[in-house]
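The values are calculated or read from the model by the stated rules, or taken from the named source; none is laboratory data. The model shown is predicted, which means the values in this text are computed figures rather than measured ones. Please note: Cβ atoms are built from the backbone with ideal geometry, for glycine as well, and neighbour counts cover all protein chains shown.
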Amino acid sequence: MYEQITAEDSVRIPPKYFDRPLEESAIKALQDKYESKIDQEHGVIISITKCRDIEDGKIIPGDGSAYYNVTFDALVFNPKLHEPVRGRVNEIVNFGAFVRFGPIDALAHVSQITDDYMTYNEKTETLSGKETDRKVKKDDEIRARIIAVSLKNNVNDSKINLTMKQPGLGKKEWIEEKKENEEKN
């Protein structure tokens, strides 16, 4: 999920950063270029954490900026297929629950919340099981498993799907209830 990676790139440092120390300018330029972006291999780039190496710079005629080859560390969030996650429900809609985990939202479709038929109550903004009366509402903390990942160029266009139907998944109360029932039998 969260990883620290080391990467290399050529970074353009504009003249407005020339009054700062070189490492600080390089980090600022890297942050502007990468933070909150998605790299297809590594996932969502959360933060540029450190410059490891900065080579000699180059100035290109007609451009007032300086270009440096930089080796840097970054904190990334890379959702993996089948990975269990914990998150908080931040929106309920008629077709499921949007769950925030890390810097991204994922969808738990109504068919992936429980084996029960789920109905949407627009007034209370809840999903309720027809037979079990299990409810999911905004701000509920849940445990789920990633069943589909489609990362695009930005967070808003990316799609992640979750399931809460497998053992050990769902709301904490559901998991504890199932454990108590198993201990009784």
Worksheet item: For LEU81, which of the numbered conditions (1) surrounded by fewer than 13 Cβ atoms within 10 Å (Cβ to Cβ); (2) of a type in the set (A, V, I, L, M, F, W, C); (3) within 30 Å of PRO14 (Cα to Cα) fails to hold?
Response: (3)
Worksheet item: Does the stretch 95-109 contain at least one residue that is assigned by TED's automatic domain parsing to the domain that holds TRP174 and β-branched (Val, Ile, Thr)?
Response: yes
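Taking the stretch 1-58 as the search range and keeping residues that are of a type in the set (Lys, Arg) and within 20 Å of the chain's Cα centre (by Cα), which one is surrounded by the most Cβ atoms within 10 Å (Cβ to Cβ)? If you could, list the steps in order and put the result at the bottom.
Keep residues of the stretch 1-58 that are of a type in the set (Lys, Arg), which gives 12, 16, 20, 28, 33, 37, 50, 52, 58.
Within this subset, residues satisfying the condition of being within 20 Å of the chain's Cα centre (by Cα) are 33, 37.
Working: LYS33: 13, LYS37: 11.
Among those residues, the one meeting the criterion is LYS33.
Hey, can you tell me all the residues within the stretch 24-43 that are under 28 Å from MET1 (Cα atoms) and either in contact with a Cys (Cβ under 9 Å, 6 or more places away or on another chain) or part of a helix (DSSP H, G or I) (or both)?
Quick first cut of the stretch 24-43, residues under 28 Å from MET1 (Cα atoms) only: 24, 26-43.
Within the stretch 24-43, GLU24, ALA26, ILE27, LYS28, ALA29, LEU30, GLN31, ASP32, LYS33, TYR34 meet the criteria.
Among residues belonging to the stretch 91-104 that are among the β-branched types (Val, Ile, Thr) and surrounded by 14 or more Cβ atoms within 10 Å (Cβ to Cβ), point out the one that is farthest from the chain's Cα centre (by Cα).
Here is the first cut: in the stretch 91-104, the residues among the β-branched types (Val, Ile, Thr) are 92-93, 99, 104.
Okay, now just the ones that are also surrounded by 14 or more Cβ atoms within 10 Å (Cβ to Cβ), so 92, 99, 104.
On the way: ILE92: 18, VAL99: 10, ILE104: 3 Å.
So the residue we want is ILE92.
Residue-wise test of (1) in the same structural domain as GLY129 (by TED's automatic domain parsing); (2) in contact (Cβ under 8 Å) with a residue 40 or more places away in the chain; (3) closer than 30 Å to GLY170 by Cα; (4) part of a loop (DSSP other than H, G, I, E, B).
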position	(1), (2), (3), (4)
ASP56	no, no, no, yes
GLY62	no, no, no, yes
ASP73	no, yes, no, no
ASN90	yes, yes, yes, no
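If I ask for residues that are among the hydroxyl-bearing types (Ser, Thr, Tyr) and either under 9 Å from PHE72 (Cβ atoms) or in a strand (DSSP E or B) (or both), which ones from the stretch 1-19 would you list? If you could, list the steps in order and put the result at the bottom.
So in the stretch 1-19, the residues among the hydroxyl-bearing types (Ser, Thr, Tyr) come out as 2, 6, 10, 17.
Within the stretch 1-19, TYR2, THR6, SER10 qualify.
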Worksheet item: Yes or no: ILE92 touching an Asp or Glu at 6+ places or on another chain (Cβ under 6 Å) and modelled with pLDDT of 90 or more?
Response: yes
